[in-house]
Amino acid sequence: MDFGFTEEQLMIQDVARRIAREKIAPSAEHFDRTGEFPAENIKLLGENGLMGIEVPTEYGGAGMDPTSYALAIMEIAEADCAHSTIVSVNNSLFCNGILKFGNEDQKQLYVRAIAEGREVGAFALTEPQSGSDATAMRCRAVRQADGSFVINGKKSWITSGPVAKYVVLFAMTDPDKGARGVTAFMIDADKPGFHRGKTEPKLGIRASATCEVEFTDYVADAGEVLGTEGEGFRIAMGVLDAGRIGIAAQAVGLSKAAYKAAIAYAKERKSFGQPIGSFQMVQARIADMKCRLDASEILTLRAAWAKEQTDRNGGRFSTEASVAKLTASESAMFITHGALQIHGGMGYSKEMPLERYFRDAKITEIYEGTSEIQRLVIARNETGIR
Ligand code: COS
């Protein structure tokens, strides 16, 4: 592993940093308070190649590598976690799977629109009764004589569901086969039979719109199957491995924001006649925060590096992705909590972003696989015991 970043990687990091500081950070409080979807900012990110960072240029993307992706997400999340959620889902959960398993027509149609920031994409796996246990899904797709599928069912917690034009959907085509009976479909939200539920009121990442989506006799043509019939679960798991690098990077960016605020406040705020940073209890907290921040960042870059190796040579990077996501998300909770505590009452006030960081951090331990699932994946891969 070499952490000497290339010129291209530094360039995309710089583009992300500029937009994050100039456009996203100043509007983050507004979008958090109102829960509005930051459509203009997302469009701008798309115009600058940040909605399809790893998407080859022939499909409208920036044609960069996983490390560039991680660096860009860190910058965006440092300005606002919710924006980075939208960017991460578009890049990883949506584009990644189509690039890997889609045919040429699907790449041209679905990936290009999303990578260029003209449309927003979503990923629909979770259902009201099935999150971690993804194969317990009830959404059904029934094959018709002409090769098309009729889809009925409900999906929940769909990031960007309220605004998405295209959705990668996972539905059961053969319930008797369990994981091997799941098929992935490309869904167009403008077709009949697609319905959006109410936007979820959430604790954090409030600008990232989330809702249920429902399918009633939605017809997907044979050409709208992603990969092959029965391949859906493996597609979902592979895509989630990539997604988990995005969430790890998001947790790192958010942690950096909280950590930097804590350092500034520890130097400036005086108590008992001295800066609070001179007190050992604050120093110990800062040291522990720094260790976790650095570990998270290095493990996230390692996971991005591992993905790059497997993109070239095949294989999986599941363990590296889960190690990074688990470490970075739990560190984000620790760091945002510590930063808020260092700020005392000011940290609890909505006049400062600390309470938003604290609320936003929690989701990183839940979505794209809970911390419990990450531990399960890591331990299974390490021991070989299932
Ligand atoms: N990449 C590619 N394929 C994978 C994979 C991965 N990372 N992990 C598993 N698979 C494949 C397996 O190889 C197996 O394929 P075969 O049937 O061809 O042998 C198939 O998927 C089933 O794997 P497994 O038996 O391990 O599945 P389990 O039902 O035991 O589930 C967990 C494994 C629990 C790890 C999985 O369901 C999971 O990650 N759940 C969390 C889902 C999640 O993140 N939800 C959040 C939704 S997005 S917000």
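The residue of the range 337-376 that is surrounded by the most Cβ atoms within 10 Å (Cβ to Cβ), among those that are within 23 Å of SER27 (Cα to Cα) and polar (S, T, N, Q), is THR364.
Taking the range 118-200 and the strands (runs of 3 or more DSSP E) fully enclosed by it, the elements with 3 or more residues that are under 19 Å from the mean Cα position of the chain (by Cα) and either within 15 Å of the ligand (Cβ to nearest atom) or modelled with pLDDT of 95 or more (or both) are at 121-124, 149-159, 166-172. Of the conditions (1) in a helix (DSSP H, G or I); (2) in contact (Cβ under 8 Å) with a residue 24 or more places away in the chain, GLY52 satisfies every one except a single condition; which number is it? Result: GLY52 passes all but (1).
Results for (1) in a loop (DSSP other than H, G, I, E, B); (2) acidic (Asp, Glu), shown as yes or no for each residue.
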site	(1), (2)
LEU301	no, no
VAL323	no, no
GLU330	no, yes
MET333	no, no
GLU351	yes, yes
GLU355	no, yes
VAL377	no, no
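When residues in the range 224-258 are screened for being part of a helix (DSSP H, G or I) and either surrounded by fewer than 23 Cβ atoms within 10 Å (Cβ to Cβ) or within 11 Å of the ligand (Cβ to nearest atom) (or both), 16 of them pass. Beta carbons closer than 9 Å, at least 6 apart along the sequence or on distinct chains, pair a first residue in the range 362-382 that is farther than 14 Å from ARG244 by Cα and touching a residue at least 60 places away in the same chain (Cβ under 8 Å) with a second that is β-branched (Val, Ile, Thr) and buried (at least 17 other Cβ atoms within 10 Å of the Cβ) for LYS362/THR336; ASN381/THR319; GLU382/THR319.
Per-residue answers, yes or no, for (1) within 26 Å of ILE86 (Cα to Cα); (2) surrounded by fewer than 24 Cβ atoms within 10 Å (Cβ to Cβ); (3) among the hydroxyl-bearing types (Ser, Thr, Tyr):
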residue: TYR110; (1), (2), (3): yes, no, yes
residue: ALA115; (1), (2), (3): yes, no, no
residue: THR126; (1), (2), (3): yes, yes, yes
residue: ALA134; (1), (2), (3): yes, yes, no
residue: ALA145; (1), (2), (3): no, yes, no
residue: ILE158; (1), (2), (3): yes, no, no
residue: GLY161; (1), (2), (3): yes, no, no
residue: ASP190; (1), (2), (3): yes, yes, no
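How about the range 357-375: which of its residues are of a type in the set (D, E, K, R) and outside any helix (DSSP H, G or I)? Passing the criteria: GLU365, GLU368. Would you confirm, using the coordinates I've provided, whether ILE205 is within 28 Å of VAL55 (Cβ to Cβ) and touching a helix residue (DSSP H, G or I) at 6+ places or on another chain (Cβ under 7 Å)? Judged against the criteria, ILE205 is a match. Just one of the listed residues (ALA379, ALA339, ALA332) is hydrophobic (A, V, I, L, M, F, W, C) and farther than 24 Å from THR85 by Cα, namely ALA379. Determine if the range 89-111 includes at least one residue that is at pLDDT below 95 and assigned to a loop (DSSP other than H, G, I, E, B). No: the range 89-111 contains no residue that is at pLDDT below 95 and assigned to a loop (DSSP other than H, G, I, E, B).
A quick yes/no check of all residues on (1) modelled with pLDDT under 95; (2) closer than 12 Å to ALA251 by Cα; (3) within 16 Å of the ligand (Cβ to nearest atom):
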| site | (1), (2), (3) |
| --- | --- |
| ALA287 | no, no, no |
| GLN309 | no, no, yes |
| LEU340 | no, no, no |
| GLU351 | no, no, no |
| TYR357 | no, yes, no |
| ILE363 | no, yes, yes |
| LEU376 | no, no, yes |
| ASN381 | no, no, yes |
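GLY97 - would you say it is in contact (Cβ under 8 Å) with a residue 12 or more places away in the chain and more than 29 Å from THR135 (Cα to Cα)? When the stated conditions are applied, GLY97 does not pass them. Return yes or no: is ARG269 of a type in the set (Lys, Arg), surrounded by 14 or more Cβ atoms within 10 Å (Cβ to Cβ) and touching a strand residue (DSSP E or B) at 6+ places or on another chain (Cβ under 9 Å)? Yes, satisfied.
The values are calculated or read from the model by the stated rules, or taken from the named source; none is laboratory data. None of these values were measured; they are calculated from a predicted model. When we count neighbours, we look across all protein chains shown, and the Cβ atoms used for this are built from the backbone with ideal geometry, even at glycine.
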